[in-house]
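Q: Encoded as structure tokens, here's the structure I'll be asking about.
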Amino acid sequence: MGLIRDLLHAGGTGGLSWHLHAYGARQRWQPTLQLIEQFLAPVNPKSDHLLLIGGSAGWMMPPSWLTRFERIDAYDIDPLASWLFNWRHGAALKAQGTRIHHHRQDALATLPQLLQQHPQACIWFDNVLGQHRYRIGDAVRAEQELKVLKNTLQGRHWGSLHDVWSGHTDGRLLPAGLNVWSHHVTAQQSLAHAFAQKLLTSVGAKDVWQDHLTGHVFAPGHTTTWMPWAFKTHYWHWLQAGWVSA
Ligand SMILES: C[S@@+](CC[C@H](N)C(=O)[O-])C[C@H]1O[C@@H](n2cnc3c(N)ncnc32)[C@H](O)[C@@H]1O
């Protein structure tokens, strides 16, 4: 039963339902994928070893960045992730000589051990931290754990792409040809009400939006890039991406 549940949902944030959705949404997600690629292009860590956390099938991961590494250790709780990741990225990685090792593992619960096992590796949280509150079902604990993550990662080169808010939109950007490019911003970390309001208004936010409790993942004042993601036609996310060089 457990395996079947995981194949379908993988803790509610992965599994077959996620992959089918991602496959069908490929075109709609393309502008966000380009923004991610643009964000990662200048991120050139010294380490040739990457710990990729929550990479799933890498639906939104540019292969050009993955192939910078000699070795990638990918951690996901989803039993389908390794197979689909290899299907999507295996050939490109092989062609560039990047070795990939998959681990089916809760990488947030075991992060201190992973860091100890791989002291030279850099770390990328690949759109996983925004699901933490839903996965563990305890908002207070999730927010605290996300806030202290940067202490656990002290001295390491690491980055994250994660949901900050999500909710319904009036779909005004879709008739404009999904032109979300003009809406992405690079800003000093800001949780100020006016900043949030500006981002939400720009995507035609309606009703109450979800707060993914990732607002303190990066230290105050750290410069990050914000990008919209048309997760569903009328249900969008605001994503935040940042990289920390130790
Ligand atoms: C939104 S998806 C990530 C999408 C991925 N970045 C892509 O481009 O396809 C979140 C992924 O994180 C995984 N995940 C959630 N919590 C995790 C944890 N604690 N440890 C490892 N993986 C986790 C889920 O199984 C899922 O595959």
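Read-outs throughout are calculated quantities, based only on the coordinates presented, and are distinct from any laboratory measurement. Note that this is a predicted model, so its numbers are computed, not measured. Every residue, glycine among them, receives a Cβ derived from its backbone with ideal geometry; neighbour counts consider all protein chains shown.
Q: For the stretch 55-117, what does the relative contact order come out to in percent, with C-alpha contacts under 8 Å and a separation of six or more?
A: Rounded, it is 41 percent for the stretch 55-117.
Q: Using all alpha carbons of the stretch 22-160, what is the percent of pairwise distances in each 10 Å bin, ordered from the shortest bin to the longest?
A: Over the stretch 22-160, the share of Cα pairs per 10 Å bin runs 11, 42, 38, 9, 0 percent.
Q: Okay, next question. Rounded to the nearest 20 debye, what is the charge dipole size of the stretch 40-106 about its Cα centre when +1 sits on each Lys and Arg Cβ and -1 on each Asp and Glu Cβ?
A: In debye, rounded to 20, the stretch 40-106 gives about 240.
Q: Here's another thing I want to ask about it. How do the peptides 156-167, 105-116 rank, highest first, by the average count of neighbouring beta carbon atoms within 10 Å per residue?
A: 156-167, 105-116
Q: So what J values fall out for the stretch 54-67 if you push phi through Karplus, 6.51 cos²θ - 1.76 cosθ + 1.60 with θ = phi - 60°, rounded to Hz, Gly and Pro as x?
A: My calculation for the stretch 54-67 gives x, x, 6, 8, x, 4, 10, 10, x, x, 4, 7, 4, 6 Hz in order.
Q: Then there is this: Per DSSP H run of n ≥ 4, the term is -39500 (n - 2.57); total these for the chain, divide by its residue number, and report the mean residue ellipticity at 222 nm rounded to 500 deg cm²/dmol.
A: Roughly -10500 deg cm²/dmol at 222 nm, from the helical runs in the chain.
Q: For a quick size check, give me the Cα extents of the stretch 200-245 along its three principal axes, largest first, whole Å.
A: 36, 16, 16
Q: Tell me, Kirkwood radius of the stretch 99-246 from alpha-carbon pair distances, in Å?
A: About 16.4 Å, per the Kirkwood formula over Cα pairs.
Q: Can I ask one more? Stretched out fully, how many nm does the piece from Arg26 to Ala91 gain, at 0.36 nm a residue minus the Cα gap?
A: Additional length available on full extension: 21.5 nm.
Q: Which of the aspartates and glutamates could be linked to Lys94 by a straight reach, that is with a Cα gap under 17 Å, when you skip same-chain ones fewer than 8 residues away?
A: Within reach: Asp48, Glu70, Asp73.
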